[in-house]
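> One structure follows; several queries about it will come next.
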Amino acid sequence: MTEILYYEYPMVVSCTAKVVSCTAKDGAYLVALDRTPIFPEGGGQLPDRGSIVSGAGTAEITDCHTVGGEILHTCSAPFTPGEAVTVNLDVPRRLDHAEQHTGEHVLSGLASKLFGAVNVGFHMAEDYCTIDLDIELAPEQLVELELAANRAVRADLPVHTEVTDGDDASSRRLRKRAEKAQGEVRIVYIDNGKVDSCTCCGTHLPHTGMVGAIRITDSQHYKGGTRLWFACGGRASSASVREHAALTALARQYSTSREELPNAIRKQMDELTAAKAELKAKSALLAAGTAAALVENAVKAGSVLITCEKLAGMNANDLKLVCDRLAESAKEPFAALVFAENREGGTDYRMACSQGVKLSMKELCAAVNAAVNGKGGGSPLFAQGKTSRGVDAQTVDMLKSYMIKAIEG
Ligand SMILES: [Zn+2]
C-alpha cells in the first residue's frame, strides 16, 4: 500500500521512495512506489505531474491514476523494483489545481449556506472549471456568491483535513454526506466548517488567502439547476486581464467608458433596427419603381411582356423584390430576367414569370447557368442563381433573344 503524502502534507513537493513495481504499457511504464507526493486523478481533480529520479536518470511523470487501490505513476522510462528514487512534484501545476479546488470548496460551501444549493458535479479541466448546482440561481445571487467567496479569501481562513472512519463521518454534519462511506474517510473543513465541510480526497491550500481571487466567469441553466464556470488564483488573474483588455478595446471602438458600453451597444442596436426598417421601406419603393420601368421598357413576344436587364445599385434581395413586385402588379403576362453585380465581384440573377407563360423559369435558369458559368435553379414560376464572374451586355442581349424565341416559338 502506497503511503500517500499529499493526504496529510499537501505542501510536500519532493520525497525519497522505493520502487515497488514497474510494468510496461502502451509505450510507457506504470510505476508503483512505497510513498508518493503525487495526487492521482480523482474527485473531479486533475492528476499531478512531476518526475522520478534514480541513479540511472530522470523519468517524467506524465499521468497518475489509482488502479485497484494502488497509485500508478505513468512514466517515460522504466525503473527496477527495489530501486531508491526521488519523486519531485510539478509545483506550479499542483498550485494551480489546489487554487481551483480550494476555490471550488469555498463556492460550493457558500452556495449551500446562502441558498441551500447542492453541488451535484465538479469538473476541472486544463483551462476551465465547472460546478453544477441543483437549483437555478438568479444573476444577483451569483454576484452575492462571488462577493461572499472573495470575502472568505481575504479573511485568509484555515483549511484543514481530518481522517476518520465511515461511521464517524456519517454522523457528522457535512455539506457532502458520506452515508455509505466505509473504511478511512478524509474530511476537509474550511474555517472549521463555517464555510465548508465535505468528504474529499483532493489537494487543497492550507489557507483560503492563498487562493488569491475567485471569479465566476459564466453560468447557464443546466438540467434544472445551474452550471457555473469559475476561475481561481492565477486563472482568475489571467481571465481578468483578458476580459479587461477586450472591454477596453471595445469601449475605445465605441468612444465610451467600459461602464457605459451596455448603453452604447443598446443605442447602436436601436439605431440599427430603425435603419433596417427604413432600408426595407426604401427597398420596397425602389423595387416598385424599377418594376414599373421594366414593364414600360419591356418588349412583347406574342402577348407576353419580356424584360431582361442588368440593374445597377441592387443586391440579390432587391432583385427578388423586383420579381415579386412584377408578379403582384403586372397587368399582362410577363417573363423577367434581372442581374445585379454583388460585393464579391460576381453576379446574382433572379427570374420570374406569370402563370401560363410557355417558358419555364427552371429551364431559363439552366440556360443562364450555361451562358454565365453559374449555379442555380428553381420552379417554373421563379428561379435564382449566381456566378463568380461579371455578365456583359452582349450576354444579356443573347439571353433576351433566347427568351423571345422560346416564348414566341
Ligand atoms: Zn477537496
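The values are calculated or read from the model by the stated rules, or taken from the named source; none is laboratory data. Because the structure is predicted, anything quoted here is derived from the model rather than measured. For neighbour counting, all protein chains shown are included, and Cβ atoms are generated from backbone atoms with ideal geometry for every residue, glycine included.
> Tell me which residues, restricted to segment 120-176, are of a type in the set (Lys, Arg) and within 22 Å of residue 216 (Cα to Cα). Reasoning before the result, please.
As a first pass, look at segment 120-176 and keep what is of a type in the set (Lys, Arg): 151, 154, 172-173, 175-176.
Matches in segment 120-176: 151, 154, 175, 176.
> For segment 15-30, enumerate the residues that are out of contact with any Pro (no Cβ under 8 Å at 6 or more places or on another chain), assigned to a strand (DSSP E or B) and under 14 Å from residue 75 (Cα atoms). Walk me through how you get there before you give the answer.
Start the filter on segment 15-30 by keeping residues that are out of contact with any Pro (no Cβ under 8 Å at 6 or more places or on another chain), which leaves 16-18, 23, 25-28, 30.
Right, trim to assigned to a strand (DSSP E or B) and you get 16-18, 23, 25, 28, 30.
23, 25, 28, 30, listed by residue number.
> Name the residue, out of 228, 137, 147, that is surrounded by fewer than 18 Cβ atoms within 10 Å (Cβ to Cβ), more than 16 Å from the ligand (Cβ to nearest atom) and modelled with pLDDT of 95 or more. Walk me through how you get there before you give the answer.
Values: 228 fails: surrounded by fewer than 18 Cβ atoms within 10 Å (Cβ to Cβ); 137 fails: surrounded by fewer than 18 Cβ atoms within 10 Å (Cβ to Cβ).
Among 228, 137, 147, only 147 is surrounded by fewer than 18 Cβ atoms within 10 Å (Cβ to Cβ), more than 16 Å from the ligand (Cβ to nearest atom) and modelled with pLDDT of 95 or more.
> Taking the condition touching a residue at least 40 places away in the same chain (Cβ under 8 Å) and more than 13 Å from the ligand (Cβ to nearest atom), does residue 164 pass? Reasoning before the result, please.
Details: touching a residue at least 40 places away in the same chain (Cβ under 8 Å): no; more than 13 Å from the ligand (Cβ to nearest atom): yes.
No; evaluated as a whole, the condition is false for this residue.
> Restricting the search to segment 193-213, which residues are surrounded by 17 or more Cβ atoms within 10 Å (Cβ to Cβ), part of a loop (DSSP other than H, G, I, E, B) and more than 12 Å from the ligand (Cβ to nearest atom)?
195, 212, 213
> Is it the case that residue 89 is under 26 Å from residue 16 (Cβ atoms), surrounded by 24 or more Cβ atoms within 10 Å (Cβ to Cβ) and not acidic (Asp, Glu)? Walk me through it before giving the result.
Numbers: under 26 Å from residue 16 (Cβ atoms): yes; surrounded by 24 or more Cβ atoms within 10 Å (Cβ to Cβ): yes; not acidic (Asp, Glu): yes.
Yes: the conditions hold for residue 89.
> Then there is this: Which condition does residue 71 not pass, out of (1) part of a helix (DSSP H, G or I); (2) touching a residue at least 24 places away in the same chain (Cβ under 8 Å); (3) among the hydrophobic types (A, V, I, L, M, F, W, C), if it passes all the others?
Unmet condition: (1).
> I'd like the full set of residues that are farther than 23 Å from residue 332 by Cβ and either assigned to a helix (DSSP H, G or I) or more than 46 Å from the chain's Cα centre (by Cα) (or both), limited to segment 286-317.
Listed by number, the residues that qualify are 316, 317.
> Sort out which residues of segment 320-363 are part of a loop (DSSP other than H, G, I, E, B) and under 14 Å from residue 379 (Cβ atoms), and write them in order of number. First the steps, then the outcome.
Here is the first cut: in segment 320-363, the residues part of a loop (DSSP other than H, G, I, E, B) are 330-333, 342-346, 354-360.
Once the filter is applied, which keeps residues that are part of a loop (DSSP other than H, G, I, E, B) and under 14 Å from residue 379 (Cβ atoms), segment 320-363 yields 354, 355, 357, 359, 360.
> Test of understanding: among 376, 385, which residue is over 24 Å from residue 293 (Cα atoms), modelled with pLDDT of 95 or more and part of a strand (DSSP E or B)? So that I can check it myself, show each step before the final result.
Numbers: 385 fails: over 24 Å from residue 293 (Cα atoms).
Going through 376, 385 in turn, just one is over 24 Å from residue 293 (Cα atoms), modelled with pLDDT of 95 or more and part of a strand (DSSP E or B): 376.
> In the list 50, 27, which residue meets the criterion of being without any contact (Cβ under 8 Å) to a residue 12 or more places away in the chain and away from the ligand (no atom under 16 Å from the Cβ)? Explain how you work it out, then say what you get.
On the way: 50 fails: without any contact (Cβ under 8 Å) to a residue 12 or more places away in the chain.
27 is the lone residue from the list that is without any contact (Cβ under 8 Å) to a residue 12 or more places away in the chain and away from the ligand (no atom under 16 Å from the Cβ).
> A further question on this structure: Give me a count of the residues in segment 129-158 that are touching a Phe, Trp or Tyr at 6+ places or on another chain (Cβ under 7 Å) and acidic (Asp, Glu).
The total comes to 1.
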